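The values are calculated or read from the model by the stated rules, or taken from the named source; none is laboratory data. Just so we're clear, the structure is a prediction, and the values are computed from it rather than from any experiment. FYI the Cβ positions are ideal-geometry reconstructions off the backbone, even for glycines, and counts take in every protein chain you see. Surface areas here come from the heavy atoms of the whole protein model, side chains and all, with no ligands, DNA or RNA. Shrake-Rupley method; radii C 1.70, N 1.55, O 1.52, S 1.80 Å.
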Amino acid sequence: MAVNFDEDEDDEYWSGRSRPKANLFDDDVKVDSRGMFGAIKKEAQSFDDHLTALGLGREEDETDDTITTDWKGNVVNEMSSKGSSYPKAGSQSHPALMTSSSGIQSARGTGGNVRISSSSVSYNKDSSSMSGFSDNLRPNFNTHTRSASFGTLGEKRPTVSNHSTPVSSNSASSTSLEEAVRREMKTPTNTDMAKLQAEIQSLNRKLKSAEKSRWAPLSVADTVTRIILGDRYSLEPYRSLKDKLALLDAAVGNHDGNAILVVVLFMRKTLSKTVFYEQLSKRPEAANQYIAYIKMHHEKRDSVATEMGHLCRLEEAAMWRYGTANLSSIPHARLKNLMECHGMWFERNPNLTEEATSMKEQIELLNKQLLVEATDDKNEREGRSPFKEMPRKANLYFQPLTTTLFYCSKYHYGESEDYPSSPLHLKREFQLSEKHYLLVALRARSMVKKWDDLEPLLTSKNWRGKARIKSVVKFEQVVNILVQNKAPPGIIDKFLRLVEDEETRMDMARKHKQHEVIIDTLFQMKDRQRLVEYQRHVPHRTDAARHIEDLLRNSGIKWKN
């Protein structure tokens, strides 16, 4: 239904001078005298009557909760009653917004765009319409078995069907929420209460049982198994020495290091030191685990050695203390630690006599190194010989005896035996063998190219006082040392002739291309055939080639072949 407005009347109405002050939904108001709102009211009443005729009307006991607001959103009236709701008398609201839990779901007129809904009613002046209702053009009214749908408010076209039409989204959602709340608010029955009380009593009994079982020990096997598997366990119930030893034996029997260590630490905490060390020393595997633990976690090295001493492992404690004494990188501090360790752990132990002797030699060597290094460092800084020609690459501290002897043979060869830096002094003090001393000295003098010092090293006197070149070292070794240090051919030739075995001498001469040595050796052997054969390998017009020709032409030589 279209409604036409006169502009003058419209302006006069909205200005408030002649606006009707009446409740649109009041049944006592006469619709003829209210213009457009009367027409809308009339349509709504006809619509309601038609629903009642179809059996879809509102029940008598149905109540509405109505909130009426003005066009600014302020609450004008708020009430709950049966049937229709009324705005406040004298309210100046233009549209009325009403919320109802039942009634008409939707209706829209074509003329003034009027929509009536159970949730809200509003009127828009600019569009001359009432809005805020559902957007369905044809409102549906739901019952359990029937439905009625209509078009515009101006046309009455009832349609009745025997099948149900889906409920609008707002009504369906509110209904489903109410049903869900009713289901959730179910009152517990006596059976449910009895089940809850029984469960509470069961939990209380378990709690009391757990509190009592805290002081009731499990079997030894179960406790050790719990330790190995990482489950919860308690060692507090094991209070007697017998129980603790049984626990330790079970852990040792399982060969699990963690379990053994747990029990050992528990025993150390709860037993006296005397009993603890006595029982632990009888079980080597447990003692090994405990010693490994204290080595890793103890900061004081002396305390670790003391613990091992209490376990009757004096030799192991002495070697541990010796190893820790050598950790210091300061020469004087290491010397002090070694002297203390020697006096406390080695000198008093009759089972460590050999070790005590070796440690004493180490202390003496370090002491000599301190003396030599102090003098050499000063001479090097002052640029004195031999450090000026041969600068040092490292200091002498903490070097072994052989390296120290090599150092002294390189920088202090020829010094008097009374000087601590002399190689002969080291040989005498540390009782070095002749072979050991000779090999080290040969390498040192060959490295610095002092070839004239080699022959005196290899010269010895017999009982008649006659000097001859003879060495406790094989001359094959001497030749190899000379070759490694790139000695001149004449030096190699000289010592190569001193090799006793003829075949070995010729093999080494052939390897190092010493032709004269091979020729003289074949001449000594009177082997003409091999000499003729070797002539093919000698370069022509050389001294070696001419030497072979002279020997072959000499008729006074008696050859074997």
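Does residue 228 satisfy the condition of being under 19 Å from residue 263 (Cβ atoms), free of Cβ contacts under 8 Å to residues at least 40 places away in the same chain and of a type in the set (A, V, I, L, M, F, W, C)? I'd like the intermediate steps shown before the answer.
Working: under 19 Å from residue 263 (Cβ atoms): yes; free of Cβ contacts under 8 Å to residues at least 40 places away in the same chain: yes; of a type in the set (A, V, I, L, M, F, W, C): yes.
Criteria met by residue 228.
Filter region 377-413 for residues that are open to solvent by 50 Å² or more (accessible area, probe 1.4 Å), of a type in the set (Ser, Thr, Tyr) and assigned to a helix (DSSP H, G or I) and give the result.
Result: 402, 403.
Could you check region 454-526 for helices (runs of 4 or more DSSP H) lying wholly inside it with 2 or more residues that are touching a residue at least 24 places away in the same chain (Cβ under 8 Å) and open to solvent by 50 Å² or more (accessible area, probe 1.4 Å)?
By residue number, 475-484, 515-525.
Could you grab the pairs with beta carbons closer than 7 Å, sequence gap of 6+ or different chains, first residue in region 535-561 and open to solvent by 100 Å² or more (accessible area, probe 1.4 Å), second one acidic (Asp, Glu)?
Partner pairs satisfying both residue conditions: 560/527.
Are any residues in region 241-277 outside any helix (DSSP H, G or I), over 34 Å from the mean Cα position of the chain (by Cα) and loosely packed, with under 14 Cβ neighbours inside 10 Å, and if so, which ones? If you could, list the steps in order and put the result at the bottom.
Step one: list which residues in region 241-277 are outside any helix (DSSP H, G or I), which gives 255-256, 271-272.
When the remaining residues are screened for being over 34 Å from the mean Cα position of the chain (by Cα), the result is 271-272.
Selection gives 272 alone.
Take region 334-364 and flag every residue that is of a type in the set (A, V, I, L, M, F, W, C) and within 23 Å of residue 426 (Cα to Cα). Steps first, please.
Just the residues of region 334-364 that are of a type in the set (A, V, I, L, M, F, W, C), to begin with: 335, 338-339, 341, 344-346, 352, 356, 359, 363.
Residues satisfying the conditions are 335, 338, 339, 356, 359, 363.
For region 303-319, does any single residue satisfy the condition of being part of a helix (DSSP H, G or I), farther than 30 Å from residue 355 by Cβ and not hydroxyl-bearing (Ser, Thr, Tyr)? Step through it out loud before you land on a result.
Initially, region 303-319 is screened for residues part of a helix (DSSP H, G or I), giving 303-310, 314-319.
From what is left, the residues that are farther than 30 Å from residue 355 by Cβ are none.
Checking region 303-319: not a single residue is part of a helix (DSSP H, G or I), farther than 30 Å from residue 355 by Cβ and not hydroxyl-bearing (Ser, Thr, Tyr).
Taking residue 360 as the residue in question, decide whether it is over 28 Å from residue 241 (Cα atoms) and open to solvent by 70 Å² or more (accessible area, probe 1.4 Å). Quick ask: steps written out before the conclusion?
Numbers: over 28 Å from residue 241 (Cα atoms): yes; open to solvent by 70 Å² or more (accessible area, probe 1.4 Å): yes.
Taking the combined requirement at face value, the residue satisfies it.
Which residue out of 280, 218, 203 is assigned to a loop (DSSP other than H, G, I, E, B) and either hydrophobic (A, V, I, L, M, F, W, C) or surrounded by 10 or more Cβ atoms within 10 Å (Cβ to Cβ) (or both)?
Details: 280 fails: assigned to a loop (DSSP other than H, G, I, E, B); 203 fails: assigned to a loop (DSSP other than H, G, I, E, B).
Among 280, 218, 203, only 218 is assigned to a loop (DSSP other than H, G, I, E, B) and either hydrophobic (A, V, I, L, M, F, W, C) or surrounded by 10 or more Cβ atoms within 10 Å (Cβ to Cβ) (or both).
Cβ-Cβ under 7 Å, sequence separation 6+ or interchain: first residue in region 185-212 and under 30 Å from residue 237 (Cα atoms), partner open to solvent by less than 80 Å² (accessible area, probe 1.4 Å). Which pairs?
If the second residue must be open to solvent by less than 80 Å² (accessible area, probe 1.4 Å), no pairs are left.
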